[in-house]
Every structure is written in C-alpha cells, then in structure tokens.
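These notes are about the structure you will find just below.
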Amino acid sequence: MTSPVGLHRVLEPSGVLPQAALRLSTDPAVGADEVRIAIEKLNLDAASFRQLFTKHGGDGDKVRAEVLDIVESRGKMHNPVTGSGGMLIGTVDAVGPDSPLGLKPGDRVATLVSLTLTPLNIIDGLDRWDGLSEQVPAVGYAILFGRSIAAKLPDDLDPELALAVFDVCGAPALTERVVKKYENPTVAVIGGAGKSGSLALAAARRAGAVRTAGIVPVEAERERLVAAGLADVVALADARDPVALSAAVEAALGRRADVTVVCVDVPGCEHGAILSTADGGTVIFFSMATSFAAAALGAEGLAADVTMLIGNGYAPGHAELALDLLREVPGVRTLFEARLAAD
C-alpha cells in the first residue's frame, strides 16, 4: 500500500514525512501511484552548494564526494547543514497505474518538489561533474509520489535554462501575490541579481510596485543588474550588516520597503531585512540559509510590526508564471543565461 505523500518510503524514523526522514527507500519498483524518472541532471540549491563549496575550500572532488555520500546514506539529496537539496530534470520511465500526475513514459520533466524528500539513487558516481557548479549531470533514478509535482520541459527553452528557472519558480509567484495586496508599494529585493532575485524583481514590477530596489553585495553584480533594467535603483550593501542594509534600502526607495524579499544564500541576513521593512510591511524569506528563530526573535527585539513569510516553493501556476517572466522580460533571461555560462 503506497501513501500519496510517501510515508511508505520512510525507513527511519518511522512516522515522519519524507522531508523530515533521515533515510528513504530507493527501491526502483514503482508503487501504484508513483512515477520513476531516469535522471539527466540535478540542480543543487544555492545555499547547499555554497555551504559545500565553502566547507571544502573550492575542492570540486571533495564536493562531489560529499554529495555522493549524502545521497547514498540518506536515499535523497538532503544537505544536513542547510537542510536543503534542490531539484532535477529527467525522463519518465515508469508510471504506476494510479498516478495522478498526468505523466507518461518518455516525458521529459523537471521535478518541482525538493530533493530533500525525493527518493534518489545515483549510479554513475557523478563522474561527469567537476563539483564546481550547481548543475550536476547524473545517471540514476528518482521516485515521485502521488502528491509530488512535476512540469514537462518546454520545447522552446534549453533544458538547463528551464531547470534553473524551475528551481526558483516559487519566488516570483509569492512575490506577485504579496505585492498585489498593497497599494502602490515599494519593494526591495535583497540579492536582486541572482536567479530568484531577478524573477522576484520582475514579478514585483508586473504586480504593481511603484518603485523597486535591488540590493547586491559587489560592484560586478550591481553592473549586471543595472544593465538588465529590472530594478528602478540598484544599491550596494552587505546583507549581513543590518544597519548598512537598511540604510541602503531607505536611500534607494526614499523610505523603508513595503515588501522586502530575501534571496541571498548566506546566513545572517534576517535582522537587516526586518529593519529595511516599514511597519505593516512584509518580509519574504526565500533563502534556505535563513534562521527562522533569528527572524522571529529579531523582529520581537526590534518591536517590528512586520509580517514574515517563509518562501514556499509551491504556488498554483508558479512554473508557468516564472517561464512567462523569462520569456517576456529580456533582463531576466540575460541574467539567467549569463549565470549558466559562468557555471
């Protein structure tokens, strides 16, 4: 008997959902409502890759070895430090008779659920990956459950480009939803030159933001974001410095932001985001490096009347919305393609 949320795949501890599990079963046999995918490429989330890269001092061989060890020991890609994983693309090769996902063998898809809850088996030792980029060529298979989510790869986009977009497609969807709740809001996106940040800026503008600011840490990113034209103003600040960050946001917008979106992949940015947000405003934390205890206690200590949201990677229509922004906003596509070229 299979569970639509994957309980039958949990090996330990019993009673938890797959994301919280220490270890999952990677049995290749497909249950009645399951789908098996032949993997083509993994996309490690930015926070996880940065943590591994930093830990091993940029030694790609060691990064690769640790990713393999995590997957082998846990039956999924679930970084024990960041708690995050990523997603993948591949080809459907088996579908259970009761699967509700609408997929068939031969479909090329991207999974829209985290690798932290996806049973995963790698059989090639990742021997085509140098350990120096987020996108990881791989051979193996993954299992989707009845309540998993996957999107067919679009015919008009390179699969690597589509994978990069799908990896962060929750960010623009939630940004758009929140921005629409305000009248003529100002929006600050911390980490505006990154994947999720660039999409969030484009979504905020489309949703009616009267003024947008992209905050980046270095001059090279400032130049790229200015050239992309996604923000009304681009400012430099270290997101880990609360006073400097809030000063940069206020200078850029003329006041604190109604909506602040955190898209950086380093820890320690919670207090600056809170300080940057006006009373009655909203902070959206999309970074997996966020400490939600630090955010909650920091807001309390600052007597900040702000709503704080965890960036849910799912919203109805989120994949289509992100792809539309990539197609319709040249600056978004330019930043994504430049990032892929650099990797």
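The values are calculated or read from the model by the stated rules, or taken from the named source; none is laboratory data. Just so we're clear, the structure is a prediction, and the values are computed from it rather than from any experiment. Quick reminder, even Gly has a Cβ in these numbers, built from the backbone with ideal geometry, and neighbours come from all protein chains shown.
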Taking the residues in the stretch 290-314 that are under 13 Å from residue 268 (Cα atoms) and of a type in the set (S, T, N, Q) as candidates, determine which candidate is modelled with the lowest pLDDT.
290
Mind checking which residues of the stretch 1-39 are at pLDDT 95 or above, hydrophobic (A, V, I, L, M, F, W, C) and in a loop (DSSP other than H, G, I, E, B)?
5, 16, 17, 21, 22, 29, 30, 32
Here's a check for you: in the stretch 147-177, which residue that is touching a strand residue (DSSP E or B) at 6+ places or on another chain (Cβ under 9 Å) and not hydrophobic (A, V, I, L, M, F, W, C) is nearest to residue 43 (Cα to Cα)?
167
Within the stretch 199-234, track down each residue that is hydrophobic (A, V, I, L, M, F, W, C), crowded, with 21+ Cβ neighbours inside 10 Å and without any contact (Cβ under 8 Å) to a residue 40 or more places away in the chain.
201, 215, 216
So residue 189, is it of a type outside the set (Asp, Glu), out of contact with any helix residue (DSSP H, G or I) (no Cβ under 9 Å at 6 or more places or on another chain) and outside any loop (DSSP other than H, G, I, E, B)
no
Just checking, how many residues over the stretch 286-343 are under 16 Å from the mean Cα position of the chain (by Cα) and basic (Lys, Arg)?
1
Give all pairs with beta carbons closer than 6 Å in which a residue from the stretch 114-134 that is among the polar types (S, T, N, Q) meets a residue that is in a helix (DSSP H, G or I); count only pairs at least 6 apart in sequence or on separate chains.
116/19
Need pairs with beta-carbon distance below 8 Å; first residue assigned by TED's automatic domain parsing to the domain that holds residue 129 and in contact (Cβ under 8 Å) with a residue 40 or more places away in the chain and within the stretch 60-72, second small (Gly, Ala, Ser) and surrounded by 15 or more Cβ atoms within 10 Å (Cβ to Cβ); sequence gap 6+ or separate chains.
60/131; 61/131; 62/131; 63/131; 64/131; 67/131
May I ask you to verify whether residue 258 is farther than 30 Å from residue 80 by Cα and of a type outside the set (A, V, I, L, M)?
yes
